[in-house]
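Please read the structure below before turning to the comments.
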Amino acid sequence: MVRASSSISEPSYFILAALLDGPLHGYGIIKQTAKLSDGRVRLAAGTLYGALDRLAEQGLVLADHQEVVEGRTRRYYRLTDHGVHALQGEAARMEQAARVVTRRSQSATTTPRLA
């Protein structure tokens, strides 16, 4: 399968989407990602932090702040402006691609097909 370089993987897409409402810590991102994807994307901690590192390298997310809860440090992440624009662009790209298939599928059901 060939993937366009400008597209965002499904886990990264939902990680970015999880951060639309504001900064979240790792566990919050994991829970929100699962919720937004209807359970399709279930991230292990190692997978999440690897993805966050890549997204940070691309300038899409930033470490926002930290807090200590019950002796453990929670690092919060937030979207950058570039991250918001990249997420919106990916959503538009997927929407356009879905429209192509939807239109073609609708016409295929109304047009007789040769066997």
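Out of the residues in the range 63-115 that are of a type in the set (Lys, Arg) and over 18 Å from Ile30 (Cβ atoms), which is modelled with the lowest pLDDT? Talk me through it step by step, then tell me what you get.
The first filter runs over the range 63-115 and keeps only residues of a type in the set (Lys, Arg), leaving 72, 74-75, 78, 93, 99, 103-104, 113.
With the extra rule that they be over 18 Å from Ile30 (Cβ atoms), the set shrinks to 93, 99, 103-104, 113.
Numbers: Arg93: 93, Arg99: 91, Arg103: 86, Arg104: 84, Arg113: 59.
Looking at residues that are of a type in the set (Lys, Arg) and over 18 Å from Ile30 (Cβ atoms), I get Arg113.
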**Prompt:** How many residues does the range 86-103 hold that are of a type in the set (A, V, I, L, M) and either assigned to a strand (DSSP E or B) or open to solvent by 80 Å² or more (accessible area, probe 1.4 Å) (or both)?
**Reply:** 1
**Item:** Answer residue from the range 38-62, given it is under 15 Å from Tyr27 (Cβ atoms) and without any contact (Cβ under 8 Å) to a residue 24 or more places away in the chain and is nearest to the chain's Cα centre (by Cα) among those
**Value:** Arg42
**Asked** If you take just the helices (runs of 4 or more DSSP H) that sit entirely in the range 2-60, which of them hold at least 1 residues that are in contact with a Ser or Thr (Cβ under 6 Å, 6 or more places away or on another chain)?
**Response** 10-18, 45-57
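Please go through the range 29-85 and give me each residue that is among the aliphatic types (A, V, I, L, M) and surrounded by fewer than 12 Cβ atoms within 10 Å (Cβ to Cβ), ordered by number. Break it down into steps so the answer makes sense when it comes.
In the first step, residues of the range 29-85 are kept if they are among the aliphatic types (A, V, I, L, M); the result is 29-30, 34, 36, 41, 43-45, 48, 51-52, 55-56, 60-63, 68-69, 79, 84.
Of everything in the range 29-85, those that are among the aliphatic types (A, V, I, L, M) and surrounded by fewer than 12 Cβ atoms within 10 Å (Cβ to Cβ) turn out to be Ala44, Ala45, Val68, Val69.
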**Message:** Where the second residue is assigned to a helix (DSSP H, G or I) and the first is aliphatic (A, V, I, L, M) and lies in the range 72-97, which pairs have Cβ atoms under 8 Å and are six or more apart or on separate chains?
**Reply:** Leu79/Leu16; Leu79/Leu87; Ala86/Leu16; Leu87/Tyr13; Leu87/Leu16; Leu87/Ala17
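The values are calculated or read from the model by the stated rules, or taken from the named source; none is laboratory data. Keep in mind the model is a prediction, meaning the values are calculated, not measured. Positions of Cβ are backbone-derived with ideal geometry, glycine not excepted, and every protein chain shown enters the neighbour counts. When the accessible area is computed, the model is the full protein with side chains, heavy atoms only, and any ligands, DNA or RNA have been set aside. Shrake-Rupley method; radii C 1.70, N 1.55, O 1.52, S 1.80 Å.
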